[in-house]
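The values are calculated or read from the model by the stated rules, or taken from the named source; none is laboratory data. Since the structure is predicted, the reported quantities are computational estimates derived from the model, not experimental observations. With ideal geometry, Cβ positions are generated from the backbone for all residues, glycine too; neighbour counts draw on all protein chains shown.
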Amino acid sequence: MSLANDLKAQAERSAAAATPEVTAQRSAAIDAVTTLKHAGTVITVGDTAPTFDLPDATGTRVHLSELVAAGPVVISFYRGGWCPYCNIELRALQAALPALTAAGATLVAISPDAPDTSLSTAEKASLEFAVLSDATAAAITAYGLNYTIDSVTRAVLDEPEAQLARARGVETQVLPIPGTYVIDTDGKIAYAFVDPNHTHRAEPADILAAVVALAGTAP
């Protein structure tokens, strides 16, 4: 089953369990992000990837410049460990990790979650790649993915499960539009997937194909 199918199944489960009011709030939250005027600000193919220096789940600093020096880098910006769609995506990326590694790539995921929450996310999903904390949204903003939580989105995040998760140390009221990038060794963006609808994510097969195209290896 593709990641898209898994995400669709989650959306169907979520819709089935929601009241009409919650369903309307969720739909309005997606619409609010979709209508944001990000044209010209979101980093895309051909742009130089903004550098970052962020802590992983154990507090160790991870520098993009060092990662790129070793080969192509895959970056997945996700909303947080409280988001079921993000967790589905992270597990799909974990499943693709051996192929990405074999093609010479390094995979990292970035969210506004504090390091201890990132650690919980990594452990819960048995992730073997770095989960980085951008608690001040500096990298998220540098990539143009940032949006301030509006009243509609706040209503969604005030649902009990999200509220409890975000209480574990998030320092910012900024969330990222989910986005996935493949960065070449020259620091240029070779692949970009950004969708304001958080139920849509990049397919691991497409990410791998972009890495393979750079590395000149067979999947």
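Of the residues making up region 120-131, just one is in contact with a helix residue (DSSP H, G or I) (Cβ under 7 Å, 6 or more places away or on another chain) and in a strand (DSSP E or B), namely V131.
Within region 73-114, the set of residues being among the aromatic types (F, W, Y) and either buried (at least 23 other Cβ atoms within 10 Å of the Cβ) or not in a loop (DSSP other than H, G, I, E, B) (or both) comprises F77, Y78, Y85. If I ask for residues that are closer than 19 Å to P196 by Cα and loosely packed, with under 15 Cβ neighbours inside 10 Å, which ones from region 12-29 would you list? Matches in region 12-29: E12, A15, T23, A24, S27.
Every residue, every condition in (1) of a type in the set (S, T, N, Q); (2) within 18 Å of S120 (Cβ to Cβ); (3) touching a residue at least 60 places away in the same chain (Cβ under 8 Å), yes or no:
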{"site": "D53", "(1), (2), (3)": "no, no, no"}
{"site": "L64", "(1), (2), (3)": "no, no, yes"}
{"site": "G71", "(1), (2), (3)": "no, no, yes"}
{"site": "V74", "(1), (2), (3)": "no, no, yes"}
{"site": "F77", "(1), (2), (3)": "no, no, yes"}
{"site": "C83", "(1), (2), (3)": "no, yes, yes"}
{"site": "A99", "(1), (2), (3)": "no, no, yes"}
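Taking the conditions (1) among the aliphatic types (A, V, I, L, M); (2) farther than 18 Å from E203 by Cβ; (3) touching a residue at least 12 places away in the same chain (Cβ under 8 Å) in turn, L93 satisfies each one other than (2). Residues in region 172-192 that are within 15 Å of the chain's Cα centre (by Cα) and either modelled with pLDDT under 95 or within 19 Å of A11 (Cα to Cα) (or both): V174, L175, P176, I177, P178, G179. On inspection, T117 qualifies as at pLDDT below 85 and part of a helix (DSSP H, G or I). Evaluating G169 against the criteria (1) in a loop (DSSP other than H, G, I, E, B); (2) among the small types (G, A, S); (3) surrounded by 13 or more Cβ atoms within 10 Å (Cβ to Cβ); (4) modelled with pLDDT of 60 or more leaves one unmet condition, (4).
Screening A99, A122, A109 for residues that are within 15 Å of the chain's Cα centre (by Cα) and farther than 19 Å from L145 by Cβ leaves exactly one candidate, A122. Selection of region 53-72 for residues being assigned to a loop (DSSP other than H, G, I, E, B) and surrounded by 21 or more Cβ atoms within 10 Å (Cβ to Cβ) yields A57, P72.
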